[in-house]
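Bear in mind these aren't lab numbers, they're just calculated from the coordinates by the rules spelled out. Computed from a predicted model, the values in this text were never measured in an experiment. Ideal geometry is used to build each Cβ from the backbone, glycine not excepted, and the neighbour counts take in all protein chains shown.
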Amino acid sequence: MFELKKSGDKFHFVLKAGNGQVILSSQMYASKAGAMNGIESVKTNCGDDDCWERKTAKNGKFHFNLKSTNGQIIGSSQMYAGESGMENGIESVRNNAPGADVKEVE
């Protein structure tokens, strides 16, 4: 499920897995419409292998970004201790995002 949140005068979203764990977090958007477009972009781009950026942090932990076809980051993951955890996170986005509902939360 996507949760759309307002923070001050900006909006952002998270994608949660069935167990409630956040698997993808967005940037801040100036408008609700912008955030909704970001959610649609996640749904559209998550199946495209070229849109995934796998990264290793300086501390050795793994994380990923999902990018749109123009190279802009749509969403980012948490840090994972191992590469397999990161790959499972990507698979979870691929499996959960396309049919996920959007819920507005306070």
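Per-residue extension of 0.36 nm, minus the Cα-Cα distance of SER25 and GLU53, leaves a gain of 8.6 nm for this segment.
Per-residue packing, averaged as other Cβ atoms within 10 Å, sorts the ranges 84-91, 15-22 into the order 84-91, 15-22, beginning with the highest. In loop segments of segment 41-73 as defined by DSSP, the trypsin sites (Lys or Arg not before Pro) with at most 13 further C-beta atoms inside 10 Å of their C-beta are LYS58. For SER68 and LYS6, the difference between the fully extended length at 0.36 nm per residue and the C-alpha to C-alpha distance is 20.1 nm.
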